Every structure is written in C-alpha cells, then in structure tokens.
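The values are calculated or read from the model by the stated rules, or taken from the named source; none is laboratory data. Note that this is a predicted model, so its numbers are computed, not measured. Cβ coordinates were reconstructed from backbone atoms using ideal geometry, including for glycine residues, and neighbour counts include every protein chain displayed.
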Amino acid sequence: MSHFKSLTTLSILTFTCLAMYASTPSDELVSVKSLKSDKEEASQKAVLAIITNLILSSPRANTPATFDGDTTGEVTEDTTLTTTGTLDVTDPDENQEAMQAGTYNGTFGSILMDAEGEWRYTLDNTNATVQALDDGETVTDLVTVRSLDGTAKIITLTVNGKNEVAIDTLPTYNVTIIDLGPDSALNMEITDVNNGVSKVVISYDSGTTTQTYTSGIISTGAEMKGTKATVVVTDGDGNVAPAKVFTF
C-alpha cells in the first residue's frame, strides 16, 4: 500500500509541475523567470528534490524467481543413501540469481544446498518408516528449498525399499554337565541360542577318539569323569563357534 501511495504522490506532483509549465505562454517564460525571487527559486528546487527523491526511493516490486534443472531424485534403503542435483535460478531482479544456502529438512532425510544451486539429499537410514519398506515399496520425501528472494521450490525424492538381509551369526551356546553319580554316565547339554545345534564335536585330552554328535544331549561313560574335553559346536547354517574346553 505504501508503494501505491508513493506512486500516487509522485504522479500528482509530476502532473502539477507539468501543468504549471504548460500553462505559461512561451513568450512570457523569460520574463517570468527573470522576475522570480530567490524564495520562488528555492521553492521550485525543493519540489524537484521531492520528486527526485520519490523516484529514487520508490520501492520496486519483487519478481519471483523461476527454476530449471534437477527437481527430483531417488535413493534406496540400506544401499544408495544419497543423490545429487543442480537447480538453475533465473531472477530479473538485481543480484537475486542464487539460492539460500543451508540445510533443508524433509520427512525422511535432508538436502544440503549451496548458493550456486548444487544440492545433495541424504536419506536418514535409521528412520523406522524407511526400515519397514520391502522391495517394491516406496515413500516420497518433499523438501522445500528457497532462492535468495524467498521463492520456494519443492524437490521430490523417491525412497525405495529393500528387504532386510538376515545376519548370520556364529553359534552362541551354553553347556551344562550333569553328574548322575559315581558310577553313572555324564550328560552334557548344549543349547545354541540362535540358529539351532547341527553338530557337536568333542575331542578328549585322554586320547579318546573324537566323537561327533548331532543332538544337544551328549552322554559319556563314567570313566570320563575328570577328563578335559574340547567342544566345538556347529549350527544349522554351518557356522562354527570358537572351541571351548570343559572338564567332565
């Protein structure tokens, strides 16, 4: 509204000055000028100064920027976590053809933007929604960036899902040796807490032949009491745990 008022005032002043000048006959201009007092000269100069100041200080309406270049990108859970692009800014206003540099946050990641329009999107791979995606599933992240004059532009990022890869770990097993009496056999119970016991190999330090079992319950003779044995457990996926030594 202030801009409109300034232009209105400027128009009125300009029109008034032109009307005054036009209404003075040309053959009287010299005589009128010669009769002007110093006060009249000063008054006219003041009016001209006001008009000049209004012209110079009158605010110019901002022209929104326009954009060209990369406005989309694609990332994939767990594998391709970043994508890049460039936005080209066009703005007829002086010194406005640039981006507001900084970090712009989205729902599933963020964009780092520089003043030249170079941007990099980084996916938040710890986001629960992202980690819940399977192959073929996607979500969209809309990130709003801005040019130097504040014009907004949305960059659209597609986040692709990926099935989780099972992590196969070494067996973690527990051993319990049960003594059923001086003349009884010993029972060793081995329980793998993750992938299930497939094979147990026991090598005795007494020179007894190595024994291989495929169950979690192993019985030995009473004569093996006090004997040290090295136990190696293999799980159902073929993973072999580090050997452990026990005394029967």
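Summary table
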{"read-out": "Where G117 falls short, out of the listed (1) in contact with an Asp or Glu (Cβ under 7 Å, 6 or more places away or on another chain); (2) more than 30 Å from A61 (Cα to Cα); (3) small (G, A, S)", "value": "(2)"}
{"read-out": "Residues satisfying the stated conditions in segment 77-95, i.e. surrounded by fewer than 19 Cβ atoms within 10 Å (Cβ to Cβ), within 19 Å of G136 (Cα to Cα) and out of contact with any Ser or Thr (no Cβ under 7 Å at 6 or more places or on another chain)", "value": "D78, T79, T80"}
{"read-out": "Members of segment 84-110 found to be in a strand (DSSP E or B) and in contact (Cβ under 8 Å) with a residue 24 or more places away in the chain, listed by number", "value": "T84, G85, T86, L87, D88, V89, T90, M99, Y104, N105, G109, S110"}
{"read-out": "Selection count, segment 123-150, where residues are in contact with a strand residue (DSSP E or B) (Cβ under 6 Å, 6 or more places away or on another chain), surrounded by 15 or more Cβ atoms within 10 Å (Cβ to Cβ) and of a type outside the set (A, V, I, L, M, F, W, C)", "value": "4"}
{"read-out": "Filter result for K153 (at pLDDT below 95 and surrounded by 13 or more Cβ atoms within 10 Å (Cβ to Cβ))", "value": "no"}
{"read-out": "Residue in segment 96-115 that is modelled with pLDDT under 95, surrounded by fewer than 16 Cβ atoms within 10 Å (Cβ to Cβ) and either outside the structural domain of G150 (by TED's automatic domain parsing) or within 19 Å of G150 (Cβ to Cβ) (or both) present", "value": "no"}
{"read-out": "Enumeration of residues in segment 205-234 that are surrounded by 14 or more Cβ atoms within 10 Å (Cβ to Cβ), in a strand (DSSP E or B) and at pLDDT 70 or above", "value": "A229, T230, V231, V232, V233, T234"}
